[in-house]
Amino acid sequence: MGRRLLRGLLRPPGRQTNQALFVALLFAFGTGVATIAIGSPDGAWVAAGHGICGMAVVLLIPWKSRVVRAGLRRARLSRWLSLLLAVLALVTLLAGLGYATGLVRSIAGLAGLWVHIAVALMLVPLVAWHVWARRVRPRRADLSRRALLRAGGLAAGAAGIYAASQAAVSLLGWPGATRRFTGSYETGSFRPDAMPSTSWLLDAVPAVDPDRWRLAVTDGRGRRELMLAQLAAYGTQVRVTLDCTSGWYSRQDWTGVPLGALLHRDPGAQSVYVHSLTGYWVRFPIRDLDLLLLATQVGGAPLSADHGFPARLVAPGRRGYWWVKWVDRIELQATPSWWQPPFPTG
Ligand SMILES: Nc1nc2c(c(=O)[nH]1)N[C@H]1C(S)=C(S)[C@@H](COP(=O)(O)O)O[C@H]1N2
Ligand SMILES: [Mo]
């Protein structure tokens with residue numbers, strides 16, 4: 001490639017820098033949300049894609065700094081809001097990089113991944129405002145050969161840097177190298193006492209009286225109630241990984257009742273609805289029925305209150321938020337499994 005052409009390519013007009021940054025942020029946000037949902041290795045590319053988007057944002061920093069410097073020369077009051085946006089964007093990036101490398105896993109006592117997500121969510125309205133306030137009319141040249149070459153170069157560069165940084169993290173033996181495909185770190189496997197206890201949003205640990213607790217089951221044969229002692233009659237054990245979206249995973253031996261054995265199939269059923277005492281609920285596609293286990297024990301001992309006593313769901317291949325704790329109701333329903341919010345709201 002000619003030197004002049006190369007130099008020209010490396011000097012994009014400010015509007016193209018802005019457009020590229022906006023697209024990179026959109027993809028970063030999309031892949032970030034999707035990474036929360038992946039539970040099986042076929043989704044590993046989503047997490048990698050998120051890392052590549054992050055690197056694209058890093059690569060754009062020098063170009064965006066030029067645009068910012070020019071913008072700051074204009075004494076707009078709203079520049080403070082724009083600066084806040086820049087600071088929060090940097091915090092998001094640094095928290096993400098700190099977590100991914102394992103070098104900074106907590107910030108001010110908060111889990112680094114949690115900071116990354118929380119600040120990224122604050123960015124959404126700010127970015128929307130900024131793009132609107134500094135909007136420019138699209139031009140034909142935005143899709144010129146040069147612009148597309150630049151975009152391609154940026155994507156390839158970001159992928160290259162991502163791959164190189166992954167290699168560097170493992171060569172240097174940084175903790176990030178030991179992460180699971182979801183990005184999570186191993187914690188307390190086969191030691192239930194050392195396994196973190198978390199809730200999706202704000203659920204508090206309920207006090208459950210085991211003698212009065214009942215499991216309400218509705219299936220092809222109607223509705224019935226089971227006592228805890230009746231569940232203890234089943235003792236299927238499975239070794240499964242609980243992988244929380246707050247950045248840790250833990251492998252344990254879970255003992256309990258396979259839902260496929262507990263529920264009588266109903267030809268019209270499309271989903272398995274699992275409800276908690278706290279009001280939290282999720283819905284699985286009926287084809288998952290034989291994968292699910294209602295666990296009453298972990299590591300050979302009854303569940304502790306914070307881990308879901310007396311019964312919690314074990315959902316292999318799905319992230320922690322599917323593993324309903326303190327289950328009090330399970331129903332086969334004709335409702336399709338997609339009929340639920342993308343993430344639990346409880
Ligand atoms: N009822 C109820 N079940 C729940 C949650 C919740 O907030 N309420 N949080 C889920 C999430 S996000 C995770 S990661 C796991 C955590 O399980 P643990 O506390 O046993 O580690 O429980 C899941 N089950
Ligand atoms: Mo979680």
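The table for this structure:
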quantity: Segment 2-182 shape via C-alpha gyration tensor axes, a/c threshold 1.5; calculated: oblate
quantity: Per-residue [θ]222 nm for the chain (sum of -39500 (n - 2.57) over DSSP H runs n ≥ 4, rounded to 500); calculated: -13500 deg cm²/dmol
quantity: In nm, spacing of pseudo-spin labels at residue 290 and residue 4 (7 Å Cα→C-beta vector); calculated: 6.9
quantity: Label-point separation, residue 142 to residue 180 (7 Å along Cα→Cβ), nm; calculated: 4.1
quantity: Alpha-carbon centroids, segment 11-67 and segment 120-136: separation in whole Å; calculated: 15
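Every read-out reported here was derived from the displayed coordinates using simple, explicitly stated rules and does not represent laboratory data. Keep in mind that this is a model prediction, so the values were computed, not measured. All Cβ positions, even for glycine, are placed from backbone atoms using ideal geometry, and neighbour counts span all protein chains on display.
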